[in-house]
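One structure below.
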Amino acid sequence: MNKNTDVYSQTKDEILKIGKKFKLDKNKLENFLEPNRILEVKIPVKTKKGIKIYKGYRSQHNNKLGPYKGGIRFHQNVDENEVKALSLWMTLKCAIANLPFGGGKGGIIVNPKELSESELEELSKGYIKKIYDIIGPLKDIPAPDVNTNAKIMKWMTDEYISLANEKNKKINRTLYSTFTGKPIEHNGLEGREEATGYGGVIILEEVIKKLGLNKKTLTMAIQGFGNVGFYFAKFASDLGYKITALSDSKGAILKTSKEDSFDIPLVLECKKKQGVLAGCYCSGGVCDIKKGKIISNDELLELPVDILVPAALENVINENNMHKIKAKIIIEMANGPITPNAFNYLSKKGVIIVPDILANSGGVAGSYIEWKQNLENKKYKKKEVFTMLETIMKKAFSNLWHAKEKYKTDLKETSYVYAINKIIE
Ligand code: GLU
């Protein structure tokens, strides 16, 4: 996401290094790292100033374990290398969560906040027109990612179904499983929206149990208040963790008293009303302007909290600020929020870091349940979905925790070696 970093080369170098350390077959590993296919598309959108062309990508990384699976993001800093890296992480993520999927990812270079509703719809549908041939329930299954949501998935699904109709394809309900993260009333899954945040909190609970800590005494700062950050914050505070700092892309807020947690649903309500987080110092059912202060997103990362949860974008913890990070536990809820060098540095210092490909796999696990629901023409209840999610997440965690003992290294190297072995062997 940072314009100057090639996150794909960074990840590739990191994996090759890990491969050498754990004696993985170099040839097989190099072949594995390259995506199977990358499609670059140009999408025209009618705007008030005339036709504007947007560039988009779909990277299909690996389908050894099942159809390609992964989100589509709308962001001004999307580029080919980023989409490649994200698709590679999806391959690893699905392998770790034991899902019958490979990895893919899509992206469009756009700041969606600058588009009107109808332009956004045209862009979403235009993208599907261009990638129609390479997606499908058993080929490649897109989902939401940064700046995309259930509404966008509905537009995309509608476009997909209408193109299938034009091509005289038999329309049946299984075609809805081409996309996940759809609105509940349009073949979506109850609980999919919460799944990434909920899954992350299940993993956090497992870690806290293994470390023998008392969660009621632990403070937490969360960067990002989108779908992932919000639900992570909500479920963690429901379980008794004290959330003392929150942020969105415009800035961060800190509670001046460490005694209680932010009241997360109330903070969201306040943010919606005001448009910004500043001033939303809400706890115990009230928001009090005197009970908090505004800090920057960088300051949030450096707070002396027990648990830090980067849930926004890539590379936010890097060589420039790694020396200032004070948290003892970091849960990577964004994709790639810590650079490889910063990860090594913090890990060596004894910080317990749960890597993204485990911590945020609740999202794709939820997608798997939605895909299955559509294929089998069923309708799961939220409670059933949460139970299924818990089973998937706990199994992924316990597999990796055991593997960590075998490989005698941190959770990240363990995750990479475990997932790659599963795919290339
Ligand atoms: N975008 C999410 C991720 O990065 C979800 C992907 C999916 O559900 O396919 O894991």
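Every number here is computed from the coordinates shown, using simple stated rules; none is lab data. Note that the structure is a prediction, hence the values are computed from the model and not measured. When we count neighbours, we look across all protein chains shown, and the Cβ atoms used for this are built from the backbone with ideal geometry, even at glycine.
The table for this structure:
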| item | result |
| --- | --- |
| Peptide ranges 134-146, 327-339 listed from the most packed, as the mean C-beta count within 10 angstrom indicates | 327-339, 134-146 |
| Shape call, the range 112-254: gyration tensor on alpha carbons, a/c limit 1.5 | prolate |
| More than 21 angstrom apart: percent of Cα pairs within the range 1-80 | 47 percent |
| Computed [θ] at 222 nm, helices only, for the chain once each DSSP H run of length n ≥ 4 contributes -39500 (n - 2.57) | -14000 deg cm²/dmol |
| Among Ser283, Asn168, Thr5 - extreme Cα towards positive end, dipole of the chain, charges at beta-carbon | Asn168 |
| Whole-angstrom gap from the range 304-323 to the range 156-227, using each part's C-alpha centre | 24 Å |
| Per-bin percent of Cα-Cα distances, the range 6-154 [5 Å] | 2, 10, 19, 21, 18, 12, 8, 5, 3, 1, 0, 0 |
| Size of electric dipole in the chain: Cβ of Lys, Arg +1 and of Asp, Glu -1, about Cα centre, debye, nearest 20 | 460 debye |
| Calculated P(r) of the chain - Cα pairs past 31 Å, % | 37 percent |
| Cross-link table Lys151/Lys372; Lys215/Lys328; Lys209/Lys381; Lys209/Lys324; Lys17/Lys84; Lys250/Lys395, entries beyond 25 Å C-alpha to C-alpha | Lys209/Lys381; Lys209/Lys324; Lys250/Lys395 |
| Cα extents of the range 179-237 along the three principal axes, largest first (Å) | 42, 21, 15 |
| Signed unit charges on C-beta, dipole axis of the range 43-111, positive-most listed residue Cys94, Gln60, Val110 | Val110 |
| Highest-first arrangement of 42-50, 183-191, where packing means the average Cβ count within 10 Å | 183-191, 42-50 |
| Dipole of the chain [Lys/Arg +1, Asp/Glu -1 at C-beta], most positive-end residue of Leu303, Ile38, Ser398 | Ser398 |
| The range 258-337: Rg to Rh, with Rh as the Kirkwood radius over Cα pairs | 1.00 |
| Highest average packing first - 76-85, 63-72, Cβ atoms within 10 Å | 63-72, 76-85 |
| Per residue, the convex hull volume that the Cα atoms of the range 77-120 enclose (Å³) | 92 Å³ |
| Reciprocal of mean inverse Cα separation for the range 308-425 (Kirkwood radius, Å) | 15.7 Å |
| Part-to-part distance (alpha-carbon centres) for the range 97-155 and the range 344-360, which is given in Å | 30 Å |
| DSSP bridge orientation in the chain - percent antiparallel, rounded to nearest 5 | 55 percent |
| Overall dimensions of the range 207-330 as given by Cα atoms, namely Rg and Dmax in Å | 13.5, 40 |
| Compactness index (Cα Rg / 2.2 N^0.38 Å), the range 71-157 | 1.09 |
